[in-house]
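The values are calculated or read from the model by the stated rules, or taken from the named source; none is laboratory data. Quick caveat, the model's predicted, so the values are computed rather than measured. Note that we place each Cβ from the backbone using ideal geometry, even for glycine, and neighbour counts take in every protein chain shown.
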Amino acid sequence: MSSTNLAELAKIEEELMAAKLKSVRHSISHAAEKGRSLEQYVIALLKDLLPGEYGVSTGFIAYLTESGVRLSSQLDIIIYDALRSGPLIRLGTCDVFPLEAVYGYVEVKASICSSVGSKPSGSSIEECIDKNFKLRQMYERSFWVPMDESPVRVDIRKLHWLGLRSYVFAFESSGAAAKDIGLFSQRVSDSLNKKGCPAHLHGVYIADAGYVYTKPDDSGAEDSDDSFRVCYTSENSFAAFRIELMKALSTFPRPDSSWVPALERYYDHSALWEERVVSGSSLDS
């Protein structure tokens with residue numbers, strides 16, 4: 001049996017991917033239509049890459065605060081638990097997901113730049129990190145948890161969960177800083193440090209430049225998702241993106257298999273429906 005050089009196959013895949021991304025990018029001229037088409041392309045790409053347990057959609061994340069239910073900004077791509085959860089609301093062109101269902105998100109950019117020293121533009125990595133800082137403040141998740149050994153009684157449990165896995169997928173680089181993946185990764189590191197916890201972009205893939213990603217910082221005593229090092233590669237960057245994405249999603253904490261997301265908390269129960277108990281309906285089984 002002949003030996004197989006996976007690195008060479010990965011390089012071929014990389015070249016094919018680059019050609020596909022280039023053709024998609026240049027075949028659409030209208031800006032709004034380009035944005036939607038690029039998002040749909042990346043959604044289809046992720047559906048091919050990820051196992052069936054991961055759902056991929058677009059829309060909003062609903063989360064709870066002391067003052068009530070809030071919605072995130074609209075997200076290009078949401079990666080969610082397709083086995084045990086799903087959308088709260090389907091709106092046709094987008095969905096609304098409970099935070100309990102969500103593993104992470106991906107921002108899709110036709111091009112990406114760095115705008116240090118000026119007001120961040122919508123296509124800059126600094127703007128992505130500003131958005132990331134807000135999104136990763138969604139921590140509290142609520143589940144119905146079985147009580148003791150009872151087959152029917154449950155109790156609600158509110159937990160401080162890990163922040164979302166966060167990615168940027170850009171079709172091309174724009175400007176000198178983004179085209180130099182080493183310089184760009186330094187800009188990512190500097191911007192994350194400046195923003196502070198809980199800002200954490202787990203990966204930034206740039207089709208014509210490379211891949212910037214984070215790894216746990218094992219040099220200190222702290223074992224936390226907020227303690228990390230920024231790394232980068234310009235070689236086999238799509239393979240690196242795929243492998244690191246799978247690793248990050250597979251290690252995201254899952255609730256126990258017997259726990260159920262407490263979706264009722266997202267609704268004003270009395271306004272949505274009035275619960276009436278049937279007289280004499282207390283039955284023993």
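Structure summary
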{"item": "Residues being of a type in the set (S, T, N, Q) and part of a strand (DSSP E or B) - total across segment 133-172", "result": "2"}
{"item": "Any hit, segment 216-231, residues being touching a residue at least 60 places away in the same chain (Cβ under 8 Å), of a type outside the set (Phe, Trp, Tyr), exposed (fewer than 14 other Cβ atoms within 10 Å of the Cβ) and within 23 Å of Thr65 (Cα to Cα)", "result": "no"}
{"item": "Residues within segment 186-216 that are farther than 24 Å from Val24 by Cβ and part of a strand (DSSP E or B), tallied", "result": "3"}
{"item": "Test: residue in segment 138-154 that is surrounded by fewer than 20 Cβ atoms within 10 Å (Cβ to Cβ), within 27 Å of Asp217 (Cβ to Cβ) and not hydroxyl-bearing (Ser, Thr, Tyr)", "result": "yes"}
{"item": "So Phe228, is it farther than 30 Å from Lys158 by Cα and at pLDDT below 95", "result": "no"}
{"item": "Lone unmet requirement of (1) within 14 Å of the chain's Cα centre (by Cα); (2) more than 27 Å from Phe184 (Cβ to Cβ); (3) not aromatic (Phe, Trp, Tyr) for Ser72", "result": "(2)"}
{"item": "Residue match in segment 256-277 (condition: within 26 Å of Asp48 (Cβ to Cβ), at pLDDT 90 or above and within 21 Å of the chain's Cα centre (by Cα))", "result": "no"}
{"item": "Qualifying residue in segment 162-178 (condition: at pLDDT below 95 and of a type in the set (Lys, Arg))", "result": "no"}
